[in-house]
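Below is one structure, written out as structure tokens; the observations come after it.
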Amino acid sequence: MYQKGRAWIELNMEHLKHNMEQFRSLLPPDCDLMPAVKANAYGHGALLVSKALQAQGVKSFCVASAAEGAMLRRNGITGDILVLSYTHPEQFDDLISYHLIQTVVDGDYARQLKRDGRRFTVHVGIDTGMHRLGERWDHMEEIVKIFRIPNLNVTGIYSHLCVSDGKDGRDRAYTLEQIHHFEYVAEELHRRGISGFKCHLQGSYGILNYSELCFDYARAGIALYGILSGKNDKINASVELKPVLSLKARVESVKMLYQGESAGYGLTYSAGKNQKIGVLSIGYADGVPRSLSNRGQVLCNGKPAPVIGRICMDQMLVDLSDIEQAAPGDEAVLIGKSGDLEIRAEDMAGWAGTISNEILSRMGERLERIAV
Ligand SMILES: *Cc1c(COP(=O)(O)O)cnc(C)c1O
């Protein structure tokens, strides 16, 4: 079926490869990339992305759920797949049949895995200060107990940094403390004769701002897709990241909105003069935030077209008055380049008052994903 009929995502696989190489050159040689392909690879399409990465030699992936891991396995992704969050005991079957590595989210969870009795391969989450998942770093006895559970094959420990994107003194001090807590746990385990486990701590900002660290894996997510969370984020590493994703839709209809007329649900936009408007075949069900109603812009024929009226579920309206040649069937670019202009995911995130991670991970299922 023709994939560019309505609304679609184009993936620049050369950029993905480029970003991966940038990370590889930044990280110590014995630190492996473990790309985060959760949430459908941040909306890009988990299978397309994982297959491309696998072809580039990537051997470890992380996902958010057992179902995400199972989908990758069923479609030919080999190597390690780490499930970063909770799996319900009713789904433990999937951990076994798809050879997934489960995160031990805390001591209680370890006992649930123990009660099941089957042999699970796990990484133990360590809470070094984010207070989300993981057993507390200062509960050494509890952590050691997890390692001693007979049916658990503990192949790694990991933690997560929560202010590694921050550049002020307080954020840096907190991150250094988290690093210190994590290293303490690893050393203490070794001191007690427990070894043979891998360690990993950094996500994108941990890699970009603390690239001197040397662990076994680095869990690169957002930056591997070539973008940062926020437009004004500053990073220490000098890397060049290239956006992988473009979001495009068709102009389905071009018409006039005459002076004084209003348009769209709630009639929130009124024409101050006679205007040419376009209807685009994309809406909030495709991941365009409804908060972009009367905010931000798209690109059409290399020119900006401001969003007018409320974003609908399947459509949205733009002002094409300044784009003489705009016609039905044209492409509209919501994220990506058109002529000399570019809208980045960070721009859309800024207009919508969120981070690009949220914009991307909410890209709709209905969008075709095309590798170019
Ligand atoms: C999502 C996630 C990552 C990747 O984070 P980015 O900031 O997108 O690189 C790494 N580790 C954990 C535990 C995560 O949940």
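Just a few scattered comments:
- So residue 246, is it surrounded by fewer than 19 Cβ atoms within 10 Å (Cβ to Cβ), touching a residue at least 40 places away in the same chain (Cβ under 8 Å) and not in a loop (DSSP other than H, G, I, E, B): no
- Counting the residues of the stretch 18-51 that are surrounded by fewer than 21 Cβ atoms within 10 Å (Cβ to Cβ), of a type in the set (A, V, I, L, M) and within 17 Å of residue 73 (Cβ to Cβ) gives 2.
- If only residues of the stretch 164-196 that are of a type in the set (Asp, Glu) and outside any helix (DSSP H, G or I) are counted, the one that is farthest from the chain's Cα centre (by Cα) is 168.
- Checking each residue in the stretch 160-211 for being of a type in the set (Ser, Thr, Tyr) and more than 10 Å from the ligand (Cβ to nearest atom) picks out 174, 175, 184, 195, 210, 211.
- Check on residue 228, over 25 Å from residue 13 (Cβ atoms) and either more than 10 Å from the ligand (Cβ to nearest atom) or part of a loop (DSSP other than H, G, I, E, B) (or both): no
- Residues within the stretch 72-105 that are of a type outside the set (A, V, I, L, M), more than 16 Å from the ligand (Cβ to nearest atom) and in a loop (DSSP other than H, G, I, E, B), tallied: 7
- Contacts under 9 angstrom Cβ, first residue in the stretch 323-351 being within 12 Å of residue 280 (Cα to Cα), partner of a type in the set (D, E, K, R) and exposed (fewer than 14 other Cβ atoms within 10 Å of the Cβ), 6 or more apart: 331/4
- Applying a threshold of 8 Å to beta carbon distances and a minimum spacing of six or more residues, or different chains, the list of pairs starting in the stretch 189-206 at a residue that is in the same structural domain as residue 218 (by TED's automatic domain parsing) and at pLDDT 95 or above and ending at one that is among the basic types (Lys, Arg) and assigned to a loop (DSSP other than H, G, I, E, B) reads 200/219; 202/219; 203/219.
- Tallying residues that are within 13 Å of the ligand (Cβ to nearest atom) and not aliphatic (A, V, I, L, M) within the stretch 212-225 yields 5.
- Residue 161, sole failed condition from (1) under 17 Å from the mean Cα position of the chain (by Cα); (2) in contact (Cβ under 8 Å) with a residue 60 or more places away in the chain: (2)
- For the condition within 13 Å of the ligand (Cβ to nearest atom) and either outside the structural domain of residue 28 (by TED's automatic domain parsing) or modelled with pLDDT of 95 or more (or both), residue 152 does not qualify.
- Exclusive hit being modelled with pLDDT of 95 or more, in contact with a helix residue (DSSP H, G or I) (Cβ under 6 Å, 6 or more places away or on another chain) and assigned to a loop (DSSP other than H, G, I, E, B), set 311, 323: 311
- Close pairs from the stretch 38-50: first more than 13 Å from the ligand (Cβ to nearest atom), partner among the small types (Gly, Ala, Ser) and outside any helix (DSSP H, G or I), Cβ under 7 Å, at least 6 apart: 48/371
The values are calculated or read from the model by the stated rules, or taken from the named source; none is laboratory data. Since we're looking at a predicted model, the values are computed, not measured. A quick note on method: Cβ atoms are made from the backbone with ideal geometry, for glycine too, and the neighbour counts reach across all protein chains shown.
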